[in-house]
1. Residues in the stretch 58-80: is at least one without any contact (Cβ under 8 Å) to a residue 12 or more places away in the chain and within 26 Å of S232 (Cβ to Cβ)?
2. Go through the residues of the stretch 188-198 one by one and say whether even a single one is buried (at least 17 other Cβ atoms within 10 Å of the Cβ), closer than 22 Å to P94 by Cβ and aliphatic (A, V, I, L, M).
3. Going by the conditions given, is D253 surrounded by 13 or more Cβ atoms within 10 Å (Cβ to Cβ), within 18 Å of the chain's Cα centre (by Cα) and of a type in the set (D, E)?
4. Hey, can you tell me all the residues within the stretch 263-273 that are touching a residue at least 40 places away in the same chain (Cβ under 8 Å) and buried (at least 18 other Cβ atoms within 10 Å of the Cβ)?
5. Could you tell me how many of the residues in the stretch 49-84 are touching a helix residue (DSSP H, G or I) at 6+ places or on another chain (Cβ under 8 Å) and closer than 19 Å to F267 by Cβ?
6. Applying the selection to the stretch 187-206, what residues are part of a helix (DSSP H, G or I) and either more than 20 Å from L121 (Cα to Cα) or in contact with a strand residue (DSSP E or B) (Cβ under 8 Å, 6 or more places away or on another chain) (or both)?
7. Given the structure, is Q166 surrounded by fewer than 13 Cβ atoms within 10 Å (Cβ to Cβ) and modelled with pLDDT of 90 or more?
Amino acid sequence: MREPANRFAQPHALSATRRAETLTGWLLVLPALLGFVAFHGVPAVRAVGISFTDWNLLRAPHFVGLDNYAAMLEDGRFWNGMKLSLYYVLLNIPLQVALGLGLAVAMHRLTTSLFVRSVVLLPYLLSNVLVAMVWLWMLDPVMGLVNHLLQYVGLGGQPFFGGVDQALATVAGVNVWRHMGLVAMLFLAGLQNIPSYLYEAATLEGATEWQMFRRVTLPLLRPVMVFVLVTSVTGSFQIFDTVAVTTNGGPMDSTRVIVHYIVQNAFSFYKMGYASAMAMALAAVMLLYTVVQMRVMRADQSDLA
């Protein structure tokens, strides 16, 4: 008995459908891919080549081999910039993640209002430069609103951006305020994917709220936590605009983080080769951190599986 012809036609039809879907997907991704290659991929490859040259933008690059990297290892300001960037990350990330997670849990438990979520996310939607300028005015030692409030309640005024011991912490505080809404939204998306029956089962077992948070919520948020930590830490190491607007690396180099020092060498001292070498070193550190972080937290595994 002969098999129906349509049974043999189905794989071909399915294959054609998949090819059409694949082609559609590539066409949708193509504009973003071309933009990434043009504005990120090509400049990154070009920067690798420039890092082996001596180039001041006014004459042709001169190949110097590893001289820029050797000079970088002996540059105290480079190491100070890396140290300040690390301090900034340690000031910024724990508070940003903790506040973002707390906001996410509160919104998940208490409200589904789109307005509340919009207000929480609003600071992130503002320009970094605009946010920096507003906080620079609010924290001004003489005219700033915050110092007027501190003096009104009997506390002395603070230098904030103008204090050697406070400037970096103030920059970190401004960026925590700006980014914690985005972190909260990411965690909220992760919380909404956790099945409710797990909490119901934990309640029947007599688990407290803290035990459910520690034994159910946090383990199941691990993939989101990895994403937040990797993107937040790499983004924090690249902090520049807030520093450039508020302190410009001062006072007394107390906020001259590594990216600010790289930009200063490139566009103030016209040492494009040396700046590119430092940028390559920073990229290598970030790549190493990303690989270690994803391995340690098992980013490719899900506890929901």
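The values are calculated or read from the model by the stated rules, or taken from the named source; none is laboratory data. On a predicted model such as this, the values are computed, not experimentally measured, just so you know. Counting neighbours? That spans all protein chains shown, and the Cβs are built from the backbone with ideal geometry, glycine included.
1. yes
2. yes
3. Here the answer is no, as D253 does not meet what is asked.
4. K271, M272, G273
5. Count: 14.
6. Kept after step one, since they are part of a helix (DSSP H, G or I), are these residues of the stretch 187-206: 187-192, 196-204.
Result: S196, Y197, L198, Y199, E200, A201, A202, T203, L204.
7. no
The rows are residues; the columns are (1) at pLDDT 90 or above; (2) aliphatic (A, V, I, L, M).
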| residue | (1), (2) |
| --- | --- |
| L30 | yes, yes |
| A38 | yes, yes |
| L57 | no, yes |
| A70 | yes, yes |
| F78 | yes, no |
| V89 | yes, yes |
